[in-house]
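Read the structure below first, then the notes.
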Amino acid sequence: MSLHNQQKPLKNPILRTMFQSWIQACGEGWTHWQVLVAYAFSVLFAVGLLVYASMMGLGWSWIQMCAAGLIAWDLTGGVIGYNHHAIKRKSLKETSKSSPLHHNLQHIHPLILVFFNNESWLLGVTIYWFITFFLYVEFLEIKPATGQRRIGKNGQRAVIGFECAVALFLITSSFFAADIPTDFQVFGICVYSISCVLTLILMNTPLPFQRTTAIIQVVGMIFLGMMLFPPDGFQWVIPVYFLKLLVGFTAKEAVDEKWRYYQSKKRGIAKCPLKKRPIEVAHTRNISPREPRLEMFSIYRVKLELIRMGRLQHVSLTRQRLPT
């Protein structure tokens, strides 16, 4: 039973909805207090950014303050949510290879900052992103109850095509919209384009090297960010943006002992997960009359792994013949 299912359900409908949305987006295994801390930190960071802008006299309008607050709230909350072991366990069970791609394409935060000085464009792009943010959580994320997505692979490919078309439209429009500084344009286009390329590289990296590769990519982007010039007050965006998308969401990781048996359980080798006590592992295989021999090498691999971890208590093998 997962940890959050052992807790008492929240009585307040608003808090219950917020908690369920967080679980749906960031995986199972969160406590109520962990989610509260994540929400509180993201809100405090957004408020702190607005206070900083006021104290430094940046002269932001209410549209710019709303856009900046939403970007700060989403990115900082995502850094916490996507670097928890719950999202890592969830991503290990993900069978769709397009999931990280359409997720990262939806994060058009750098392109929003391109239009930061043009309030009409900034308002429209921010509203579009915020609407698609909720649509993504509702229709593209995995349902915790079933572990399945609400749309299939063809739908996900359509989403990827749509997001690419929107990104190209925004990049093209930035050359014709008014009050678009070249520094903002270069910053947004470079950061968004590089994030897509790094996502594709990370998706094709072997699992043991994914987290290391993601960290190297983040460090490289921090170095590159010293040569880019975002709007004042957004110098923090590059490290937080790539920590969320690359290290947090895209990079898969062997987070605990249960991962060791994920592939084994799919092949029917281990019949029960590892726990914090000695366990029994039984291997049952149906043997037809035409296949009288039982292959032993797989269960011996499990046995050697359990001996190495000091968890072995008993290993049993059974054979069952199928009716002729």
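The values are calculated or read from the model by the stated rules, or taken from the named source; none is laboratory data. Keep in mind that this is a model prediction, so the values were computed, not measured. When we count neighbours, we look across all protein chains shown, and the Cβ atoms used for this are built from the backbone with ideal geometry, even at glycine.
Taken over the stretch 51-65, the criterion of being surrounded by fewer than 18 Cβ atoms within 10 Å (Cβ to Cβ) and not in a loop (DSSP other than H, G, I, E, B) is satisfied by 51, 52, 54, 55, 62, 63, 65. Against the condition modelled with pLDDT of 90 or more and small (Gly, Ala, Ser), how does residue 69 come out, does it pass? For residue 69, the condition - modelled with pLDDT of 90 or more and small (Gly, Ala, Ser) - is met. Please verify whether the stretch 81-92 includes one or more residues that are touching a strand residue (DSSP E or B) at 6+ places or on another chain (Cβ under 6 Å), at pLDDT below 85, on the phi < 0 side of the Ramachandran plot and not in a helix (DSSP H, G or I). Checked the stretch 81-92: no residue is touching a strand residue (DSSP E or B) at 6+ places or on another chain (Cβ under 6 Å), at pLDDT below 85, on the phi < 0 side of the Ramachandran plot and not in a helix (DSSP H, G or I).
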